[in-house]
Amino acid sequence: MINWRGKNFRRAWGGTHKRITKDYRSLIDPLDTRKVGVRLEAQFIYPNAGEALECDFTYELLTRATPTPTPTITPTPTLTLTPTPTTTPTPTPSPFVAVVSIAPTGSTQYQEVILTGSTNISSPTYIWSLTGFTDTSGNTISSYTGNPLTEGYFTLTGSSNVELVVIGTNPYGSPVTAITTNFVVSAGFLMMAAGNSSDDFIKSYDGLNWTGGTLSSSQQWQSCAAGNNIWVYGVAQSGSLQRFIYSTDNGDTWSSLVGPTTSSRMVGHGLTYANYLGSFYSAAFQSTTAYYSSDGATWSGYTLPSADFGTIATDEDNNLLLFGETNPSGLERIFTSFSGGSFTERVDTNSRVKTIMRNSTIGLTIAFGESGESYVSTDSINWTANTITGWTSLYPTRVVYSESTGRNLVFEEDTNGNYWISDDGVNWSGYTISNGVRYHPIYSPAIDKFVIVGNKSTSAYSCATSSDGITWTYGTLPQSLDIRDVMGQFTN
């Protein structure tokens, strides 16, 4: 049944409008000649459902010759509700526990415990259960809560176990302990430095406490590189074969001399590890033949575009090998190559290139030549010259950067302790450590600090660490070594 009920009808003729509230069962006379606007309210009554639905519409009678038909209204179908299904909570999976035993090399050894990998839970919290750990103040530690990458910094006084439990939040808000996948527990970021014309080397996890070791041969060790749990030293002796030694157990043992039979000299910063290629690459001084190896044991040759590319580095952002020319006769250029097959000259530096580095944090490649002359590039292809005003010595040591802040640091290669810091790679500020030591820097991502190692020194200032490159904490090296470079990597 349909009832029409007039609501707020307005007469549009003759003086003041008048509201009409009377109910009508028939419409306005179709022969009426006056224009009439009618607002109708329709009510559908469903006896069985017991519900009502109201709707409004408007129509006008325009002419008496053609009556306006009554609109046909289609009833709205009855709405059928589907019950919401009952949600069954996801069962809590068993916890994943990563266990590592760490045996210190000395009675007291600083070591960093590193976790890398992924988890299948949201907002995870990483909790370590520790046995036999003390902190740097000597306090016993039984648990530690950290982030996914750096899971503790402890002084180990004996063989210790580390257990990891990952806790997160499920979609329903209650905490769960979840299974994790592809996790690797690491003993930390290990750094090594060897002596030139010596069979001695030192290593450390924290940059302040170093232990000594012995290489398999006494050579002019100037070039070194680390990657894929392999450590490589290269011989720099003039007129000798370009030979290498390597270790796969963090320096506990070293191979005998391996490599080519062609005379090819290496100088400082003449080795790099290209992660995107999974191989070590050497440069060559006074030779056009250099070498590469995936395991440190077997080396294959490749040909350089000139005989004096003594500096090599890797740009992992752009998958490029970077070669710096160190020709004393005046040819000083930077070349790039994907894998040593073909080379492209990028810039003539007018200064022997001594160190090159890709700063991935700020997206800049920095090269240093002599007397503070540097070049910068965002893509390692297009370069801009830059000179540090106030540089006092001839050569730089290695340029390094902080992965957390992007800050760059380079030391002058002298015993005056002069070094330079830049946050953008272009504008540099000078500082001095007046300890009479020539320092070689490296950055440890595990402890997020710069580390410097002194050359030919066992003084109270022979090594140091710093979070900002300005304020330093000093330590003592166990022996005096003619150090030419430092290398490091995360260890398993």
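Anything in region 471-483 that is more than 12 Å from TYR439 (Cβ to Cβ), open to solvent by 40 Å² or more (accessible area, probe 1.4 Å) and outside any loop (DSSP other than H, G, I, E, B)? List them, or say none.
Residues of region 471-483 more than 12 Å from TYR439 (Cβ to Cβ): 471, 473, 475-476, 478-482.
Checking which are open to solvent by 40 Å² or more (accessible area, probe 1.4 Å) leaves us with 471, 473, 476, 478-480.
Correct list: THR473 only.
On the basis of being surrounded by fewer than 19 Cβ atoms within 10 Å (Cβ to Cβ) and at pLDDT below 90, does ASN161 make the cut? Show your work before the answer.
Numbers: surrounded by fewer than 19 Cβ atoms within 10 Å (Cβ to Cβ): yes; at pLDDT below 90: yes.
Yes, satisfied.
Identify the residue in region 202-212 that is part of a strand (DSSP E or B) and open to solvent by 20 Å² or more (accessible area, probe 1.4 Å) and, among all such residues, is nearest to ASP448 (Cα to Cα). Break it down into steps so the answer makes sense when it comes.
Initial filter on region 202-212 (part of a strand (DSSP E or B)): 202-204, 211-212.
Cutting the leftovers down to open to solvent by 20 Å² or more (accessible area, probe 1.4 Å) gives us 203, 211-212.
Details: LYS203: 17, THR211: 21, GLY212: 24 Å.
Only one residue fits best here, namely LYS203.
If I ask for residues that are under 18 Å from SER402 (Cβ atoms), out of contact with any Leu (no Cβ under 7 Å at 6 or more places or on another chain) and part of a strand (DSSP E or B), which ones from region 435-452 would you list? Step through it out loud before you land on a result.
Taking region 435-452 and keeping what is under 18 Å from SER402 (Cβ atoms), we get 439-452.
Restricting the remaining residues to those that are out of contact with any Leu (no Cβ under 7 Å at 6 or more places or on another chain) gives 439-440, 442-449, 451-452.
Result: TYR439, HIS440, ILE442, TYR443, SER444, LYS449, VAL451, ILE452.
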ALA297: among the aliphatic types (A, V, I, L, M), closer than 15 Å to GLY340 by Cβ and at pLDDT 85 or above, yes or no?
no
All positions within region 331-353 that are under 17 Å from ASN386 (Cβ atoms), crowded, with 21+ Cβ neighbours inside 10 Å and at pLDDT 90 or above:
ILE334, ARG346, VAL353
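Tell me, which strands (runs of 3 or more DSSP E) lie completely within region 359-421 with 3 or more residues that are more than 18 Å from GLY469 (Cβ to Cβ)? Before the answer, list the steps.
Numbers: elements: 364-368, 373-377, 384-387, 396-401, 408-412.
Where strands (runs of 3 or more DSSP E) fall fully within region 359-421 and carry at least 3 residues being more than 18 Å from GLY469 (Cβ to Cβ), they are 373-377, 384-387.
For every residue, the table says whether it meets (1) buried (at least 20 other Cβ atoms within 10 Å of the Cβ); (2) touching a Phe, Trp or Tyr at 6+ places or on another chain (Cβ under 9 Å); (3) more than 16 Å from SER198 (Cβ to Cβ).
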site: ASN435; (1), (2), (3): no, yes, yes
site: TYR439; (1), (2), (3): yes, yes, yes
site: SER444; (1), (2), (3): yes, yes, yes
site: ILE447; (1), (2), (3): yes, yes, yes
site: LYS456; (1), (2), (3): no, no, no
site: GLY469; (1), (2), (3): yes, yes, yes
Between a first residue in region 374-403 that is free of Cβ contacts under 8 Å to residues at least 24 places away in the same chain and a second residue that is outside any strand (DSSP E or B) and open to solvent by 20 Å² or more (accessible area, probe 1.4 Å), which pairs have beta carbons less than 7 Å apart while being 6 or more apart in sequence or on different chains?
THR378/GLY363
Reported set for region 304-333 where residues are out of contact with any Phe, Trp or Tyr (no Cβ under 7 Å at 6 or more places or on another chain), touching a residue at least 40 places away in the same chain (Cβ under 8 Å) and aliphatic (A, V, I, L, M) is ALA313, LEU322
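In region 268-280, which residues are in a strand (DSSP E or B) and open to solvent by 10 Å² or more (accessible area, probe 1.4 Å)?
To start, the set of residues in region 268-280 that are in a strand (DSSP E or B) comprises 271-274, 279-280.
Residues satisfying the conditions are THR272, TYR273, SER279.
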Select from region 170-201 the residues that are surrounded by fewer than 22 Cβ atoms within 10 Å (Cβ to Cβ), at pLDDT below 50, β-branched (Val, Ile, Thr) and assigned to a strand (DSSP E or B) and list them in ascending order.
VAL176, THR177, THR181
Residue within region 403-416 that is closer than 22 Å to PHE338 by Cα and open to solvent by less than 10 Å² (accessible area, probe 1.4 Å) present:
no
Which residue, of THR405, THR392, THR415, is among the polar types (S, T, N, Q), touching a strand residue (DSSP E or B) at 6+ places or on another chain (Cβ under 7 Å) and farther than 25 Å from CYS224 by Cα?
THR392
Enumeration of residues in region 456-478 that are touching a strand residue (DSSP E or B) at 6+ places or on another chain (Cβ under 9 Å), modelled with pLDDT under 90 and within 28 Å of ASP249 (Cα to Cα):
LYS456, SER457
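Can you pull out the strands (runs of 3 or more DSSP E) entirely within region 286-330 that have at least 2 residues that are open to solvent by 10 Å² or more (accessible area, probe 1.4 Å) and farther than 21 Å from ASP348 by Cα?
289-293, 300-303
The values are calculated or read from the model by the stated rules, or taken from the named source; none is laboratory data. This is a predicted model, so every value here is computed, not measured. Methodologically, a virtual Cβ is constructed for each residue, glycine included, from the backbone with ideal geometry; neighbour enumeration extends over all protein chains shown. Heavy atoms of the whole protein, side chains included, go into the accessibility calculation; ligands, DNA and RNA do not. Shrake-Rupley method; radii C 1.70, N 1.55, O 1.52, S 1.80 Å.
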